[in-house]
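So the structure is just underneath, and the comments pick up after that.
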Amino acid sequence: MIFAAILAGGIGSRMGGTDTPKQFLPLGDRPVIVHTIEKFVINNNIDRIIVLTPQNFITHTNHLIEEYIGDSQKIVVIEGGKTRNDTIMNSISYIDENFGIDDDSIIITHDSVRPFVTYRIIEDNIEAAKRYGACDTVVPATDTIVESINGTTIESIPVRDYYYQGQTPQSFNIKKLFNLINSLTQEESEILTDACKIFTLKDEDVYLVDGEVTNIKITYPYDLKLANTILEDNHD
Amino acid sequence: MINIVYRLKAPKFFEESIDEIELEGVVVRPTYLSICQADQRYYQGSRPAEILDRKLPMALIHEGIGEVVFDSQGNFKSGDKVVMIPNTPTDDDVCRLNYSYKSKFRGSGFDGFTSDLIKLESDRVVKIPDDFNLHVSAFIELITVAYQGISKFEEICTTPKDSLGVWGDGNLGFITTLLLKEKYPQSKIIVFGKHQNNLDLFSFADEIYRIHDVPDDLVIDHGFECVGSSASQSAVDQIINLINPQGTINLFGVSEYPIPINTRLVLEKGLTIQGNSRSEREDFVGVVDMLFENPRLFDYLEKLITNVCEINSLNDLKEAFDIDYISKFGKTILKWNK
C-alpha cells in the first residue's frame, strides 16, 4: 500500500504574530493545510492519507477536511509527535496497527506547509521510493553556501554544484525506515531531525527527485504574504 | 486546488506561475505534447506586438495527450489515456463551435497544456486506446484539423473527385494527403511541393510534382492548400489555374499577411473557397476511431516525428522550441516530465 503522511505537528514557533499554527492560516480562500491535502486526495495511487497535527487541532482539522474536501474515506487525522521523527513514527505505528506493513509499503512524508507541491513531484516520489527504497525532493542550490562553525568567520565555501536545497516530500519503504529508526542510539536520535539523514548515516542510498522552485515552505509571515500575493496576482 | 502552470512570459522566456483549479470536471496530467507552428510564432515573438502584449503570459501548446487523474463525474478512470480538445466553447452557436466567437482556444485565448495538471470539462477529452502510439497521438489535434476540413469539403463538393490536389509538403500537407487517400481510395491524390526530400516521404500519394515542374495538361477537380505564410499566394494562384470549373479550394495554411486572390478566374470557373481552422469534439472522435480501425496509419504518421524531447525543466522546454525551429520538416514531441 502507499501512504501519505502530512506532517502538521509543528506549532509555528518561527511564524510570529499569531497563535494559530501556520498550516491553519488562510492561503487564498482556504487554509494552507487544505491546499496541501488536496494534492494527495486527487492522487489515486495513494491508498491512505494520514494527517498528523497537534492533539488540540485534530477536531479542527477534521472539520476543515469535511468543509473543504468532503467525505473522504481515505483521510485520517491523528496526533503528531514532539519531533519530526516522532511524528513520522506515529504515522508508521498507525499504519502498522491498522493495515500492517509489508515489504512493498511506501510512505510519502510531506510538510503541511508546502501547498505548492505538484502532482509530478508526488508521482516521482512514489516511483523512486518503490525503486530505491528512499528519496528526497531537492532543487539545486542557487545561493552560495558558506560554512561557519563559530558564526563569525567563514570556515569554508563548498562547491555549489554539489549542493541542493531539501524540500519535501521525502518518501521511503516503510519497513526499511522503521528498522533504521529503531536501530538509532539515543544520541543519534537527538541529532537526527531529518528522516533522509537517518538513511545516509546508515550508509543507505537516498535517491534525488527534482523539486520545484515554487514548492516553497511557508515558514515566516513573509512566505505566507508572498504565497497569497502570487495567488491573488493570478486572479487579476 | 493549487496548480503550477508554465507560461511564456515574453518571447523565449518561460516562467512558473501558480494557478487554482476547481475539482470539477476532469483533471488530466499531460504526458506527451507536440509543438505547433502557432506556438512557435508566440515563442519566437513573430506575432504582432499588440497581440503578444494582450495574450502573454500564457501557457503554450494545444496538441497533446495525458492521463486522467481525477473525474468528478466518474466517466473516466484514473490512468485512462485521453487526447485533450483545445477548443473550449462557452455557449452554443449556429456555426460549428470551432468557428464560434463564443469559443476559446487553448494556447491562444487562454492557457495551453504546459502545466502540472489540466482541468477540462468532461466533453473536452476523448479516451484513446492503451496501445496507441503515444508519440503520434500527441499530435492527434493536428490530424483533426485535416479531418474536419475534409468533412466540410465532403459537404460542399458537387463535382467529381477524380483528382484531388494537395499543395504543401509540410506536416499538414502530409496528413491531409494521407487522410484523403484513406477516405477516397479511388481518387487520384496529387501532391504539389517545393522540397524534394519532403515529397519523397509522401509514398502513399498517387503523383508528386514540384511546383515549378507541373505538366501543362494537368488538371485537378479540387484543391487543398496546406502551405501558409506569404507562399500561400502562389499556391492559391496555381490551384485556381489548374482546377476544373465548380471545384472547391480548401484553405488550411495560416498567413500573417493578406493573400491576393485572382477573383476573375474564381468567378469564371464558379469556384468555392472554404476556410479551415481548428476542430471540434466530433473530429477528435472521428480521428480516434479512424486510427483504431486502421492502425497502419500510425506507420505513416510516425514518419512525421523528427524530434522527441524530454522536458524536465523550463530550459529543456526552451531547447525543444529551439530544436523545433531549426527543423525543416516534421513534429517535435515533448515527453512532459515537468
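Show the residues, 5+ positions off or on another chain, whose built amide H is closer than 5 Å to the amide H of A:Val51.
A:Ile6, A:Val76, A:Val77, A:Ile78
Which residues' amide hydrogens lie under 5 Å from the amide hydrogen of B:Glu225, considering only partners 5 or more residues apart or on another chain, with H built in the peptide plane?
Close amide H contacts, sequence-distant or interchain: B:Trp167, B:Asn250, B:Leu251, B:Phe252.
May I ask you to sort B:Phe204, A:Phe3, A:Phe172, B:Phe76 by Cβ crowding, counting other Cβ atoms within 10 Å and putting the fewest first? Walk me through the numbers before you get to the answer.
On the way: B:Phe204 15, A:Phe3 24, A:Phe172 31, B:Phe76 20.
Taking fewest neighbouring Cβ atoms as first place, the list is B:Phe204, B:Phe76, A:Phe3, A:Phe172.
Give me the count of lysine pairs in segment B:60-153 whose alpha carbons sit under 19 angstrom apart, restricted to pairs 8 or more positions apart or on different chains. Provide the component values of the computation, followed by the final result.
Numbers: B:Lys77/B:Lys119; B:Lys77/B:Lys127; B:Lys81/B:Lys119; B:Lys81/B:Lys127; B:Lys104/B:Lys119; B:Lys119/B:Lys127.
Total qualifying Lys-Lys pairs in segment B:60-153 comes to 6.
From the Cα gyration tensor of segment B:158-212, with a ≥ b ≥ c the square roots of its eigenvalues, which class applies: rounded if a/c is under 1.5, or else prolate if a/b is larger than b/c, or else oblate? Before the final figure, lay out the partial values.
On the way: a/c = 2.05, a/b = 1.63, b/c = 1.26.
In terms of gyration-tensor shape, prolate.
How large is Rg over Rh for segment B:155-246, taking Rg from the Cα atoms and Rh as the Kirkwood inverse mean of 1/r across Cα pairs? Kindly include the intermediate steps, with their values, before the conclusion.
On the way: Rg = 12.1 Å, Rh = 13.1 Å.
So for segment B:155-246, dividing Rg by the Kirkwood Rh gives 0.92.
Counting alpha carbon pairs within less than 8 Å and at least 6 residues apart, what relative contact order, in whole percent, applies to segment B:146-275? Before the final figure, lay out each step's value.
Working: 241 pairs, mean separation 31.9, N = 130.
Contact order relative to length: 25 percent.
When B:Tyr99, B:Tyr6 are ordered from fewest to most other Cβ atoms inside 10 Å of their Cβ, what list results? Show your work: numbers first, answer last.
On the way: B:Tyr99 14, B:Tyr6 24.
Fewest to most other Cβ atoms nearby, the residues stand as B:Tyr99, B:Tyr6.
Any lysines with Cα under 16 Å of the A:Lys225 Cα? List them, leaving off those in the same chain fewer than 8 positions away.
Correct list for A:Lys225: A:Lys22, A:Lys217.
In peptide B:68-76, what is the residue-averaged number of other protein chain Cβ atoms found within 10 Å of each Cβ?
Details: counts 1, 6, 5, 0, 0, 0, 0, 0, 0.
The mean count of partner-chain Cβ atoms within 10 Å per residue comes to 1.
Using only DSSP helix segments of four residues or longer, with each worth -39500 (n - 2.57), what per-residue ellipticity at 222 nm results for chain A after dividing by its residue count and rounding to 500? Intermediate values should be presented prior to the final figure.
Numbers: 8 runs with 83 residues, N = 236.
So the helix-based figure for chain A works out to -10500 deg cm²/dmol.
What percent does the relative contact order of chain A come to when contacts are Cα pairs within less than 8 Å and at least six residues apart?
About 24 percent, as a whole number.
Report for chain B the percent antiparallel among DSSP-assigned beta bridges with both residues inside it, nearest 5.
Numbers: 33 of 61 bridges.
Of all bridge pairs located within chain B, approximately 55 percent are antiparallel.
Using the Karplus equation 6.51 cos²θ - 1.76 cosθ + 1.60 (θ = phi - 60°), what ³J(HN,Hα) coupling, rounded to whole Hz, does each residue of segment B:109-121 give in order, writing x for Gly and Pro?
Couplings: x, 8, 3, x, 9, 7, 8, 5, 9, 10, 9, 10, 5 Hz.
Under Stokes-Einstein, with the Kirkwood radius over Cα pairs standing in for Rh, what whole-number D in µm²/s applies to chain A at 25 °C and 0.890 mPa s? Display every interim value, and only then the final one.
Details: Rh = 18.6 Å.
Rounded to a whole number, D works out at 132 µm²/s.
Rounded, prolate or oblate: pick one for chain B, where a ≥ b ≥ c are the square roots of the eigenvalues of its C-alpha gyration tensor, a/c under 1.5 means rounded, and failing that, prolate if a/b is larger than b/c, else oblate.
Values: a/c = 1.75, a/b = 1.62, b/c = 1.08.
Prolate.
Once the Cα atoms of helix B:281-293 and of chain B are each reduced to a long axis, what angle between those two axes, in degrees from 0 to 90 to the nearest 10, is obtained?
80 degrees
Compute the Cα gyration tensor for segment B:207-250, then decide on rounded, prolate or oblate, letting a ≥ b ≥ c be the square roots of its eigenvalues: rounded whenever a/c is under 1.5, prolate when a/b is larger than b/c in the other cases, and oblate in all that remain.
Details: a/c = 1.85, a/b = 1.12, b/c = 1.65.
Oblate is the answer for segment B:207-250, as a/c is 1.5 or above yet b/c matches or exceeds a/b.
Step by step: find N for the protein assembly as shown, compute 2.2 N^0.38 Å, then divide the Cα radius of gyration by it. What's the final number? Walk me through the numbers before you get to the answer.
Values: Rg = 28.3 Å, N = 574, 2.2 N^0.38 = 24.6 Å.
In units of the globular-protein estimate, the protein assembly as shown measures up at 1.15.
Only bridges whose two residues both fall in the protein assembly as shown count here: according to DSSP, what percent of them are antiparallel, nearest 5? Before the final figure, lay out each step's value.
On the way: 46 of 94 bridges.
Approximately 50 percent, going by the DSSP bridge assignments.
Could you tell me which of the pairs A:Lys175/A:Lys202; A:Lys39/B:Lys55; B:Lys12/B:Lys194; A:Lys74/A:Lys202; B:Lys183/B:Lys303; A:Lys175/B:Lys338 are separated by over 23 angstrom between their Cα atoms in the structure shown? Present the calculation step by step, with values, prior to reporting the outcome.
Values: A:Lys175/A:Lys202 15 Å; A:Lys39/B:Lys55 29 Å; B:Lys12/B:Lys194 30 Å; A:Lys74/A:Lys202 33 Å; B:Lys183/B:Lys303 20 Å; A:Lys175/B:Lys338 30 Å.
Long pairs (Cα-Cα over 23 Å): A:Lys39/B:Lys55; B:Lys12/B:Lys194; A:Lys74/A:Lys202; A:Lys175/B:Lys338.
Per-residue mean of other chain beta-carbon atoms within 10 angstrom of the beta-carbon, peptide B:222-232? Working shown, then result.
Working: counts 0, 0, 0, 0, 0, 0, 0, 0, 0, 0, 0.
Average per residue, whole number: 0.
No lab work stands behind these numbers, since they all come straight from the coordinates. What you see is a predicted model, and the numbers here were worked out from it, not measured in a lab. Using ideal geometry, Cβ is built from the backbone for each residue, glycine included, and neighbour counts are taken over all protein chains shown.
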